[in-house]
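First comes the structure, then the notes that go with it.
Read the figures in this text as sums done on the coordinates, not as results from a lab. What you see is a predicted model, and the numbers here were worked out from it, not measured in a lab. Methodologically, a virtual Cβ is constructed for each residue, glycine included, from the backbone with ideal geometry; neighbour enumeration extends over all protein chains shown.
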Amino acid sequence: MTAQIVLRAPVAKRREITSELNHHNLSTVRLSRALEHVDGTIRVFTGEPAQRLLSALWVARKPLTVDQLAAQVGIAPKQAGAVLRYLADCGLVRCERARGQTATWHAVY
């Protein structure tokens, strides 16, 4: 009988935590779907090379140079640079230049 009384609080706490986890799981699913819709909208308003460059940056999750990006998506570095500048004007990517180093591009999350 004493064990039943002692276990009431941990069982109630477990129920509370499980409920909160379910809530957060549902929120995560909802936010993931919303992000997919936003990404889809971005793809609608950018050209095919821009989509490939953005995808490469999103997947890489690290800064890449124009040459690395151009090689990954199969376009000329000059074209990649022009498209990246356009994407930067749209607020989708940014360029960072450290003194004496090659510029790198980052996706804006």
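When Rg and Dmax are taken over the Cα atoms of the chain, they come to 22.9, 78 Å. Classified by the C-alpha gyration tensor, the stretch 1-45 has a prolate form. Its axis ratio a/c, with a ≥ b ≥ c, is 1.5 or above, and a/b is larger than b/c. Around the amide H of VAL93, modelled in the peptide plane, lie the amide H atoms of ALA88, VAL108, all under 5 Å away and 5 or more residues distant in sequence or on another chain.
On the beta carbon distance between ILE17 and ASP39, with R0 = 30 Å, the FRET formula returns roughly 0.40. For the stretch 47-109, just say rounded, prolate or oblate: build the C-alpha gyration tensor, square-root its eigenvalues into a ≥ b ≥ c, call rounded for a/c under 1.5, and beyond that prolate if a/b exceeds b/c, oblate if not. It comes out rounded by the Cα gyration axes. Charges on Cβ only, +1 for Lys and Arg, -1 for Asp and Glu, centred on the Cα centroid of the chain; of ALA3, ASN22, ALA98, which one is farthest towards the dipole's positive end? The residue sitting most towards the positive pole is ALA3. Where in the chain lies the longest segment free of trypsin sites (Lys or Arg not before Pro) that are both loop residues by DSSP (not H, G, I, E, B) and have at most 12 other Cβ atoms within 10 Å? Excluding the exposed sites themselves, the longest stretch runs over 1-60. Converting phi to 3J(HN,Hα) with the Karplus coefficients 6.51, -1.76 and 1.60 and the offset θ = phi - 60°, the stretch 8-14 yields 4, 5, x, 5, 5, 5, 4 Hz in sequence order, with x at every glycine or proline. Helix 48-60 and the longest principal axis of the C-alpha atoms of the chain enclose an angle of approximately 50°.
Summing charges over neighbours of PRO63, with a neighbour being any other residue whose Cβ is under 12 Å away from its Cβ, gives +3 when K and R count +1 and D and E count -1.
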